[in-house]
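Notes for the one structure printed next.
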Amino acid sequence: MKKITLIAVLSISAVLLAAARLDMMPTEFRTYKVGETVTFTATAWESEGKKLTSGTCNVVLKANGGKVIRRDIVLDFAKNNPVTFTAKLDRPGFIFAEAGMYRTADGKKEKWSNTRALPANGGAAVEPEKLKTMTATPGDFDEFWAKGIEEFKNAEITVTPADDIKRPGYKVSRVLVKFPDKSGAIDGFLSVPVKPGKYAAIVGVPGAGPGAVGPVPYLGGNVNGIQLWMNVHLFRTEKNINLQRKSYAGYNKTFATQAYFRENADDRDKYIYRNVWLAVSHAADHVAKMKEFNGKMIAVGNSQGGGTAVVMAYLNKNVTAAAASVPALADHDGWKDDRQAGWPQLHRVLQGKADKAYAYFDTAVFASKVKVPMLISVGFVDTTCSPSSVYSLYNAIPGAKEIYHMYRNSHAISEDSKKKIENFVRMHAE
């Protein structure tokens with residue numbers, strides 16, 4: 001069963017802006033046909049309710065976040081505001097309209113004041129349902145991960161009451177999973193409802209970055225149930241976010257690539273996500289054995305967490321549904337089709353050194369093997385987890401699935417998408 005939700009984000013914040021803002025978007029929020037003309041409208045605001053009457057901005061059009069298709073667009077706000085321009089794509093994918101800086105009438109350049117949720121850039125989808133991942137599934141993919149699951153079957157896991165953490169309605173514990181090869185461990189937080197009963201479990205990890213320092217309500221976290229949030233770093237979670245950021249910065253400096261998510265990406269046995277994903281799955285197995293568990297487990301996440309949710313839907317037999325917002329690590333070989341690969345764009349950053357190994361960590365490959373219901377959200381103006389990479393993942397899912405379009409969003413989950421995910425979790429938790 002395939003269901004596509006097309007809901008436009010039409011409201012703009014009423015907050016007075018200190019600098020100029022640009023709203024650039026298709027005149028219609030929908031998907032377009034190959035070769036169909038897409039009309040974009042760009043409106044520049046000096047402040048809330050007051051349009052600019054001078055200055056210019058250059059716009060570059062790209063196909064799928066990669067190949068430039070036009071460079072000649074100049075928005076002249078002295079002549080028109082709003083300004084319209086057209087674009088078309090001769091293949092399935094996404095048109096990305098990239099706004100340059102605002103150039104004032106006296107030649108001064110200024111950044112637009114837009115946010116990631118409502119960026120200055122615009123995007124449009126052209127038959128995205130026809131996109132296919134360029135990453136081929138390794139012949140021993142299933143064997144590789146089955147071997148890892150077997151290795152982690154008896155991995156040491158410690159659950160310790162976190163008496164210092166007060167969360168109304170929940171008993172909170174710290175969870176530590178040690179890697180069997182003794183290369184490290186990851187930790188996180190387990191929240192169990194105090195009220196006796198049977199509950200669904202919600203499992204996830206944060207997006208890339210320093211991680212979480214407590215069991216804060218995450219995606220679907222407003223649904224009452226067992227909640228397992230695991231960090232992905234090999235250092236112990238700190239007591240507060242400032243210490244966590246400091247440890248995170250020092251942690252990344254220990255790597256030759258200066259980033260945990262790129263280190264050893266050329267070695268399928270040593271890449272960080274191998275042990276991390278297996279450890280998260282092992283922690284989920286622990287939850288599944290709890291007397292409070294009702295047999296329903298929903299994997300959730302955004303970006304790195306979204307990619308991990310897809311992985312859990314494949315790796316862990318206890319997962320009964322998964323919701324992934326702008327899932328990362330998808331379509332690593334998208335570059336072969338002039339498409340921007342998903343974060344962390346290993347081919348481009350590592351100059352091809354990881355190409356033989358990263359297929360084992362491509363979430364579009366994992367998605368092709370998922371058999372549980374899935375909800376995916378995609379940002380049409382996302383330059384981190386490109387919409388073409390997310391759609392290639394979505395299209396690979398063979399079973400029940402739904403995709404939520406965030407037409408105006410860059411790499412930030414919209415409030416409407418959060419509500420959509422929460423409703424999805426609630427539906428599959430009952």
- Message: If I ignore ligands, DNA and RNA and count only protein heavy atoms, how much of GLU402 is accessible to a 1.4 Å probe, in Å² to the nearest 10?
- Response: 30
- What list of whole percents do you get for P(r) of segment 198-332, with Cα-Cα distances grouped in 5 Å bins up to the one holding the largest distance? 2, 11, 19, 23, 21, 14, 8, 3, 1, 0
- Query: Looking at segment 290-338, what % of the alpha carbon pairs are farther apart than 13 Å?
  - Reply: 59
- Message: Compute for segment 58-143: radius of gyration divided by Kirkwood radius, i.e. Rg/Rh, restricted to C-alpha atoms, rounded to two decimals.
- Response: 1.14
- Task: May I ask you to compute the full-extension gain from LYS67 to ARG116, defined as 0.36 nm times their residue separation minus their alpha-carbon distance, rounded to one decimal in nm?
- Result: 15.4 nm
- Item | Translational diffusion of segment 307-430, µm² s⁻¹ [Kirkwood Rh, Cα pairs; Stokes-Einstein; 20 °C; 1.002 mPa s] | 148
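Quick one: ranking GLU263, GLU143, GLU28, GLU36 by accessible area, 1.4 Å probe, largest first, what do you get?
Values: GLU263 35, GLU143 130, GLU28 90, GLU36 55 Å².
These residues rank, largest area first, as GLU143, GLU28, GLU36, GLU263.
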- Query: Working from the pairwise distances between different alpha carbons, so that the mean of 1/r is found and then inverted, what is segment 85-193's Kirkwood radius in Å?
  - Reply: 20.6
- Query: Under a point-charge model restricted to the Cβ atoms of Lys and Arg (+1) and Asp and Glu (-1), what is the dipole moment magnitude of segment 63-172 relative to its Cα centre, in debye to the nearest 20?
  - Reply: 740
- Once every DSSP H run of n ≥ 4 in the chain is given -39500 (n - 2.57) and the sum is divided by its residues, what mean residue ellipticity at 222 nm do you get, rounded to the nearest 500 deg cm²/dmol? -6000 deg cm²/dmol
- Item | Most to least accessible of ARG167, ARG348, ARG245 (protein chains only, probe 1.4 Å) | ARG348, ARG245, ARG167
- So, in nm, how far is label LYS353 from label THR254 when the simple model puts each one 7 Å beyond its Cα toward the Cβ? 1.9
- Query: What is the distance in Å between the Cα centres of segment 211-238 and segment 96-168?
  - Reply: 17
- Item | Value of Rg/Rh across segment 331-374 [Cα atoms, Kirkwood radius] | 1.03
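Only bridges with both residues in the chain count here: give the DSSP antiparallel percent, nearest 5.
65
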- Item | ASP106 - accessible surface, heavy atoms, 1.4 Å probe, Å² rounded to 10 | 130
- Item | For VAL159, solvent-accessible area (1.4 Å; no DNA, RNA or ligand), Å² | 60
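Summarise the accessible area of segment 212-255 (1.4 Å probe, protein heavy atoms) by the percent that is carbon and sulfur.
58
Defining a contact as two alpha carbons under 8 Å apart and six or more residues distant in sequence, what relative contact order in percent does the chain show? Please report the intermediate quantities before stating the final value.
Numbers: 1058 pairs, mean separation 73.1, N = 430.
It comes to 17 percent, rounded to a whole number.
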- Item | Largest to smallest principal axis extent of the C-alpha atoms in segment 23-109, angstrom | 40, 24, 18
- Query: Given ASN240, PRO387, VAL310, which one lies farthest toward the positive end of the charge dipole of the chain, if we put +1 on the Cβ of every Lys and Arg and -1 on the Cβ of every Asp and Glu?
  - Reply: ASN240
- Once segment 118-175 is represented by equal point scatterers at the alpha-carbon sites, with solvent omitted, what log10 I(q)/I(0) does the Debye formula produce at q = 0.18, 0.22, 0.23, 0.26 Å⁻¹? -0.79, -0.95, -1.01, -1.14
- Query: Taking every pair of alpha-carbon atoms in the chain, what share in percent sits in each 20 Å bin, from 0 to the bin with the longest distance?
  - Reply: 26, 54, 19, 1
- Message: Test of understanding: express the Cα radius of gyration of segment 272-353 as a ratio to 2.2 N^0.38 Å, with N the residue count.
- Response: 1.28
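The values are calculated or read from the model by the stated rules, or taken from the named source; none is laboratory data. Please read all numbers here as calculations on a predicted model, not as lab measurements. Note that each Cβ is placed from the backbone with ideal geometry, even for glycine, and that neighbours are counted across all protein chains shown. Note: areas computed on protein heavy atoms with side chains; ligands, DNA, RNA excluded. Shrake-Rupley method; radii C 1.70, N 1.55, O 1.52, S 1.80 Å.
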